[in-house]
Amino acid sequence: MLSRSAGEFQQGLPFRPVDSDAGIALKSNRPQIIVRERPTELDYYRAARVSARTGEVSMLIVMKPQASQDEVRRVCEKVASMGYRAHPMPGAQRTAIGITGNPGPLEPEEFESLPGVAEAIRVSKPFKLVSREVKSEDSLIHIGPASGGVSIGGKELAIIAGPCAIESREQARAAAAHVRKAGARLFRGGAFKPRTSPYSFQGMGEEGLKILTEIRSEYGLLIVTETIDPENCDLVEKYADVLQVGARNMQNFSLLKRVGRSKLPVLLKRGMSATLDEFLMAAEYVLAEGNYNVILCERGVRTFADHSRNTLDLSVIPAVKRLSHLPIIADPSHGTGRRDNVIPLARAAVAVGADGLIVEVHPDPDRAVSDGYQSLFPEQFETLVEQVTAIGGVLGRTVGHVR
Ligand code: PEP
Ligand code: MN
């Protein structure tokens, strides 16, 4: 059993070979047990205990089950040589080593190349339920009726398209007919619009929601529409298939908690100046209330660029994929604010691994009441779908159509 004193744990050094559980398992003639080489609940529990004594454990290095005590010692020495503390935590199958004392983030690659190391995992992230540490496999978010409907986060790319705002029944029907024909299975359109100016069109309200439900029955498209505050959510929930939380509301915590109590999936757009951590923490609010069906959306952030409305930060997509099991889609319409940039950025988004796209399409963009300059003409949307279908194909992804 463990022979180290608490003092040695705290110092982390020197690591003396001990008669650990792992050591006993190695010496015995028992058939080798196959274990997952990721931290277990027990590892996190031990890490939390080390944290309580010595400061936050920022990384867990999980050793391979067959790692020797020499290999464990070498990892501890490496940690010490960097000026940090190593906390070896022997377990029944293999040892995990907690690291404390580092002022900033550590790179897992620094340790993963050492002999005997299975994986190095950051554990001090403030988000938990959204993180891959808690759920390693990708989440598949189902939208619409259990039989039928659409899943986001799997092989199929989700294509959501429609006007910025619902302006009339005729406009919505014309947009729906076009986007359905081109390959969208989900229809977007705001009935409540959070506008920068209080004098701009604020949306048709409940009348717009009713038009959206007609679109669902007539065209078989699922409805994605925005909810702007907790009270408004009571109404939008009655009509929508997906609740959109807009960029301006990404940190509206009472709205996040409200949609967290909804049975509907949530499309959470990244705030205009939100860091990756803030984005994931906003999603954490929704999951913490019990709604695990969150789809993230990169929609561009504010930068010094003056050639486009926003800068679509496509680098956030692989970063989200690394840290979280949630699907992420891209919005090249708001992300660029320019019609001529939408198709190129849509192609790029699919190439970097987006799970889908949300695109503004209007039957007559020049007469749109909002975001006309970034809305595609219907023929352009057809081209977009054709091109992203081809790019998705290279990556083993498909685009489904309404049958
Ligand atoms: C929208 O989708 O029309 C919208 C207002 O988006 P965002 O919240 O990203 O600005
Ligand atoms: Mn818009």
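Filtering the range 234-263 to residues that are away from ligand 1 (no atom under 14 Å from the Cβ) and surrounded by fewer than 21 Cβ atoms within 10 Å (Cβ to Cβ) leaves ASP234, LEU235, GLU237, LYS238, TYR239, PHE253, SER254, LYS257, GLY260, ARG261, SER262, LYS263.
For the range 300-402, the helices (runs of 4 or more DSSP H) that sit wholly inside it and include 2 or more residues that are open to solvent by 20 Å² or more (accessible area, probe 1.4 Å) and farther than 22 Å from ILE152 by Cα are 339-351, 378-394.
Does at least one position in the range 138-146 carry a residue that is open to solvent by 40 Å² or more (accessible area, probe 1.4 Å) and in contact with a His (Cβ under 8 Å, 6 or more places away or on another chain)? Yes, the conditions are met somewhere in the range 138-146. The condition (being away from ligand 2 (no atom under 16 Å from the Cβ) and either among the β-branched types (Val, Ile, Thr) or under 15 Å from the mean Cα position of the chain (by Cα) (or both)) is satisfied by just one residue among TYR285, TYR239: TYR285. Among the residues of the range 63-96, those identified as at pLDDT below 90 and part of a strand (DSSP E or B) are ARG85, ALA86, HIS87, PRO88, MET89, ALA96.
Considering only the range 188-221, how many residues are of a type outside the set (Phe, Trp, Tyr), open to solvent by 20 Å² or more (accessible area, probe 1.4 Å) and more than 21 Å from SER333 (Cα to Cα)? Residues flagged as of a type outside the set (Phe, Trp, Tyr), open to solvent by 20 Å² or more (accessible area, probe 1.4 Å) and more than 21 Å from SER333 (Cα to Cα) within the range 188-221 amount to 11. Per the listing GLU107, GLU133, GLU119, GLU137, the residue uniquely over 15 Å from the mean Cα position of the chain (by Cα) and in a loop (DSSP other than H, G, I, E, B) is GLU107. Only a single item in (1) part of a helix (DSSP H, G or I); (2) open to solvent by 30 Å² or more (accessible area, probe 1.4 Å); (3) of a type in the set (Asp, Glu); (4) more than 16 Å from ligand 1 (Cβ to nearest atom) is not met by GLU284, and it is number (2). Is there a residue being crowded, with 20+ Cβ neighbours inside 10 Å, at positive phi, more than 16 Å from ligand 2 (Cβ to nearest atom) and modelled with pLDDT of 90 or more anywhere in the range 154-168? Within the range 154-168 (the criterion being crowded, with 20+ Cβ neighbours inside 10 Å, at positive phi, more than 16 Å from ligand 2 (Cβ to nearest atom) and modelled with pLDDT of 90 or more), the answer is no, since none of the residues qualifies. The combined condition, being modelled with pLDDT of 95 or more, touching a Leu at 6+ places or on another chain (Cβ under 9 Å), on the phi > 0 side of the Ramachandran plot and within 15 Å of ligand 1 (Cβ to nearest atom), is fulfilled by GLY300. Of the residues contained in the range 171-187, none is found to be open to solvent by less than 50 Å² (accessible area, probe 1.4 Å), touching a Lys or Arg at 6+ places or on another chain (Cβ under 7 Å) and at pLDDT 95 or above. The residues of the range 288-299 that are open to solvent by 10 Å² or more (accessible area, probe 1.4 Å) and either among the small types (Gly, Ala, Ser) or under 13 Å from the mean Cα position of the chain (by Cα) (or both), listed by number, are ALA288, GLY290, TYR292, ASN293.
Across the range 216-236, the number of residues qualifying as of a type in the set (A, V, I, L, M), within 22 Å of the chain's Cα centre (by Cα) and either under 24 Å from SER273 (Cα atoms) or in a helix (DSSP H, G or I) (or both) comes to 2.
The values are calculated or read from the model by the stated rules, or taken from the named source; none is laboratory data. Values in this document were obtained by computation on a predicted structure and should not be read as measured data. Note: ideal-geometry Cβ built from the backbone for every residue, glycine included; neighbour counts use all protein chains shown. Ligands, DNA and RNA are stripped out before the accessible areas are found, and what is left, the full protein with its side chains, is counted by its heavy atoms. Shrake-Rupley method; radii C 1.70, N 1.55, O 1.52, S 1.80 Å.
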